[in-house]
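Peer 1: Questions regarding the structure given below will be posed in turn.
No value in this document is a laboratory result; all are computed from the given coordinates. Since the structure is predicted, the reported quantities are computational estimates derived from the model, not experimental observations. All Cβ positions, even for glycine, are placed from backbone atoms using ideal geometry, and neighbour counts span all protein chains on display.
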Amino acid sequence: MASGMTENVNNDPVWVNTANCKACDICVSVCPSGVLGMRYDSTSTLGAMISIDHPEACIGCNECELTCPDFAIYVASKKDYKFAKLTDEAKERQAKIIANNYMSLDQQGVK
């Protein structure tokens with residue numbers, strides 16, 4: 001998604017306004033499904049940016065959106081999007097992301 005997007009033009013369950021995001025990783029830490037991760041980004045102030053690695057696993061809990069101090073992450077409305085159920089696989093993925101200092105597992109070939 002293009003930088004600065006606040007509207008869900010791609011019908012995604014979750015998206016980031018990278019113009020507002022400071023990559024604090026709070027949203028990554030609260031996501032129970034392992035949807036989010038951090039990726040290296042040399043253009044970002046902190047050298048990292050939020051990545052949406054597993055949008056298909058989003059359960060629509062809104063934890064990421066509610067905890068973002070910069071109002072930079074958005075979750076689709078439940079009336080507009082059919083969300084996934086929280087699975088054991090998603091819980092395991094989230095545990096691995098936390099153990100990996102919130103960095104995206106996809107960058108290391110772990111799914």
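Peer 1: Return the long-range amide H neighbours of Met38 (sequence gap of 5 or more, or a different chain), with a cut-off of under 5 Å between placed amide H atoms.
Peer 2: Sorted by chain and number, the residues that satisfy this are Ser51, Met103, Ser104.
Peer 1: Also, I was wondering about something else. Rounded, prolate or oblate: which fits segment 14-101, taking a ≥ b ≥ c as square roots of the Cα gyration tensor eigenvalues, rounded meaning a/c under 1.5, else prolate when a/b beats b/c?
Peer 2: Note, shape of segment 14-101 comes out oblate.
Peer 1: Right, here's the next one. Place a point 7 Å from Cα of Lys85 in the direction of its Cβ. Which residues in segment 30-70 have their backbone N less than 15 Å from it?
Peer 2: 57-60
Peer 1: What are the ³J(HN,Hα) couplings of segment 21-28, residue after residue, when phi is run through the Karplus curve with 6.51, -1.76, 1.60 and θ = phi - 60°? Round to Hz, x for glycine and proline.
Peer 2: 6, 9, 6, 7, 6, 4, 4, 5
Peer 1: Contact order normalised by length for segment 31-111, with contacts defined as Cα pairs under 8 Å and 6 or more residues apart; what percent is it?
Peer 2: 38 percent
Peer 1: Arrange the peptides 82-88, 55-61, 34-40, 23-29 so that the one whose residues have, on average, the most other Cβ atoms within 10 Å appears first.
Peer 2: 34-40, 23-29, 55-61, 82-88
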